[in-house]
Amino acid sequence: MEQTKIQNLTPQGTFDANGKTFHKFDCILENGMVGEVNALTPDKWSIGDEVIVKDHQQTKWGPRLKLDKPGFTPGGGARQSDPDATKGIIASWAVGVAMQVVGDPTQNHYEEAVLLASRIALRCRAIIKNEVTP
């Protein structure tokens, strides 16, 4: 994957696909590559942006570019690439919810109550997560 900059960017309207509206741009990169690039927001790309060329294909509709911003990881970076980070985030959420539910930290057996409430929150999260439909 090559890193370069956007030299020119011309909006070409929008199109709908899979229930989402995409913004089309004719794009010229400093490395000489040319093609259409799409984005979910009209301001994702700007002239001068550093980009990584993930793909450059010639299609029956013309050249297409797939670009990313340097350091971008779909799904939020560390959470996707580090399972321990994901576990830590979920555990922190469960403990935070449990502390709110249990209340007064000076009460007897506070830690045991927080652990129990955290486990209940995690079990409920797992059940509900499977029931959620996008």
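Bear in mind that the values in this text are calculations on the coordinates, not laboratory data. Since this is a predicted model, take the numbers as computed values, not measurements. Cβ: placed from backbone, ideal geometry, glycine included. Neighbour counts: every protein chain shown.
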Next on the checklist: Could you check region 15-35 and list, in sequence order, the residues that are surrounded by fewer than 13 Cβ atoms within 10 Å (Cβ to Cβ) and assigned to a strand (DSSP E or B)?
Outcome noted: Phe15, Asp16, Ala17, Lys20, Thr21
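Can you say whether Asn38 is loosely packed, with under 10 Cβ neighbours inside 10 Å and out of contact with any Ser or Thr (no Cβ under 9 Å at 6 or more places or on another chain), as far as the supplied structure shows?
On the way: loosely packed, with under 10 Cβ neighbours inside 10 Å: no; out of contact with any Ser or Thr (no Cβ under 9 Å at 6 or more places or on another chain): yes.
Taking the combined requirement at face value, the residue does not satisfy it.
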